[in-house]
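Reviewing the structure listed below.
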Amino acid sequence: MTAEFTGWHVLAEFGGVDAALCDDLERLEAALRKSLVAAGVTICDVVRKQFEPQGVTILALLAESHASIHTYPESGDIFVDVFTCGSIGAGATKAVELLQQELSPATVNMEVIQRGHASRRIHEPVGDGLTRVWNMTDVVVDTNTPFQHMVIAQTEQGLSLFSDDDRQSTEFSQLTYHEAMLVPGYALAEKLDKVLIIGSGEGVASQMSAAAGASLVDHVDIDQLEVELCAKHLPYGYSEADLAEAVAQTGPIKMHYADGWDFLAKAEADGVRYDMICIDLPDERVEDAQHNRLYEDDFLNRCKAILSEGGVLAAQAGCQTMWRNETLKRSWTRFHNLFETVVPYVSDEHEWTFIFGTPKAIEDPVAKMTATLSTLPYKAETIDERAIVRGAIEPHALRVGATVG
């Protein structure tokens, strides 16, 4: 298959077709042949089968691929499948439309799928019964690491990273995402000398933290292959040279290929303390998932145990939209049960809510954050004082519905 290959695959369901017609092999074959020829495709052969007590299957082998119909006279349904490629690709749609005219169904449900190198898709689940479809024009990486299915591909939002069909970051939106995840925490923390990043394989969070003044940024990620492929192919975050320096641990960023749980246990045993810890992992699932343990109380308590005085734990907490906010409610409850001060940042230009907790009681944390923001060495491009004030207003569902205590 060449890079130029493309094709159209049409799947259609015709309902309410006359029962006698659904069982008439000769009329159905004639209708299919007529429709295909009129659409401009080339029929090479036709195979057909009459079933007992009723029902018909007809398969046409085309120079451009295939076409088929399968009927259910008892319900008046005909299922149609036409795939054509090359210069006649769009002929699949035309053939199905012509077949519809021949068979006069009462209802038609038709889906058109473009196929080929330039038409890959990722179907990202975003809620019960809801899926976001990402069209990919150039797939750069498609591999299974020891921990996940990883894709890096060109989309309408630039080069984009996907993990197990979930969008992780895109060239277009990554700065908004990473600043929303980190900058409010920088402004809330009492100081910012030592930072721990758990996950965030692209490296943006580590580099941003160093730019914010941290003298030590420990970056922990269990998936070495993913981190390396991100550095090789993504235009944001680590370059390969940056990553090599982080792995060698010769600069402020020190790369650790390790399980976050184990790293936290060793840091606590060694008496290490961090001014900010950021958890940036694949999204927590509503259903049971192995990585959910890294969002739950035991893991958060282990993070809390190694925070310095006035230190901050930051995490991507979930989506604020009402059709997918269950994990956000969970995070809200956990943070309020663990920390004296909790501040959300509901991004106005992204779909996520981020949450920041500190064991220190701060009477007016938002005032502290807005006052500190302009003094940070890192100058945010997507967040200002007004954004922090607005973003710190938790979604209504959290104010009235989430359990705390």
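The values are calculated or read from the model by the stated rules, or taken from the named source; none is laboratory data. Worth saying up front: this structure is predicted, and the values here are computed from it rather than measured. Glycine also receives a Cβ, built like all others from the backbone with ideal geometry; neighbour counts cover every protein chain displayed. Accessible surface is based on the protein model in full, side chains and every heavy atom, while ligands, DNA and RNA are left aside. Shrake-Rupley method; radii C 1.70, N 1.55, O 1.52, S 1.80 Å.
Tabulated data
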quantity	calculated
Candidate lysines for bridging to LYS34, where Cα separation is under 26 Å - those fewer than 8 sequence places away on the same chain excluded	LYS49, LYS94
Cross-link table LYS232/LYS254; LYS191/LYS232; LYS254/LYS360; LYS266/LYS379; LYS232/LYS360; LYS254/LYS379, entries beyond 30 Å C-alpha to C-alpha	LYS191/LYS232; LYS266/LYS379; LYS232/LYS360
Solvent-accessible area, 1.4 Å probe, carbon plus sulfur percent, for the range 115-244	47
Full-stretch length increase - ALA19, LYS379 - with 0.36 nm per residue and alpha-carbon distance subtracted	122.6 nm
Accessible surface, 1.4 Å probe, highest first, among residues HIS219, HIS9, HIS66	HIS66, HIS9, HIS219
Accessible area expressed per residue, the chain, with surrounding protein chains retained (probe 1.4 Å, Å²)	45
Length-normalised contact order for the chain - Cα pairs under 8 Å, 6+ apart - percent	12
Extension gain, GLU296 back to GLU156 (0.36 nm per residue minus Cα-Cα distance, nm)	47.0 nm
Anisotropy class of the range 159-309 from Cα gyration tensor, a/c 1.5 cut	rounded
Cα-based Rg of the range 1-117 normalised by 2.2 N^0.38 Å, two decimals	1.03
Residue-averaged [θ]222 nm for the chain, counting only DSSP H segments that reach four residues, each worth -39500 (n - 2.57)	-9000 deg cm²/dmol
Computed FRET value (nearest 0.05) for ALA361 with GLN50, which takes r as the C-beta separation and R₀ as 45 Å	0.05
Förster radius 30 Å - calculated FRET efficiency between ASN109 and PHE172 (Cβ-Cβ, nearest 0.05)	0.35
Within a Gaussian network of the chain (alpha carbon springs, distance under 10 Å), most fluctuating of ASP223, ASP81, ASP280	ASP81
For the range 201-223 versus the range 305-351, the gap between their alpha-carbon centres in whole angstrom	20
Net charge of Cβ neighbours under 14 Å - reference PRO365; Lys, Arg +1; Asp, Glu -1	-4
Extension gain (nm, one decimal) between SER215 and ALA265, 0.36 nm per residue minus Cα-Cα	15.8 nm
Within-14-Å neighbourhood charge of ILE122 [Cβ basis; K, R +1; D, E -1]	-3
Spin-label zone in the range 237-258 - amide nitrogen under 18 Å from a point set 7 Å from the Cα of ASP193 along the C-beta vector	252-254
Environment charge of VAL220, counting only residues whose C-beta is closer than 12 Å and scoring Lys/Arg +1, Asp/Glu -1	-4
Shape call, the range 299-372: gyration tensor on alpha carbons, a/c limit 1.5	oblate
Most to least packed among 67-80, 387-400, 189-202 [average Cβ atoms within 10 Å]	189-202, 67-80, 387-400
Folded to 0 to 90 degrees: helix 174-188 orientation relative to the chain principal axis, Cα	20
Where VAL96, VAL139 fall by accessible area, highest first, once all protein chains stay in place (1.4 Å)	VAL139, VAL96
Cβ-derived FRET efficiency at R0 56 Å, MET322 paired with ALA38, nearest 0.05	0.70
Relative contact order %, the range 309-380, counting alpha carbon pairs below 8 Å whose residues are six or more apart	34
Between helix 25-39 and the chain: long-axis angle, C-alpha atoms, 0 to 90°, nearest 10	60
Angle in degrees between helix 224-233 and the longest Cα principal axis of the chain, rounded to the nearest 10	80
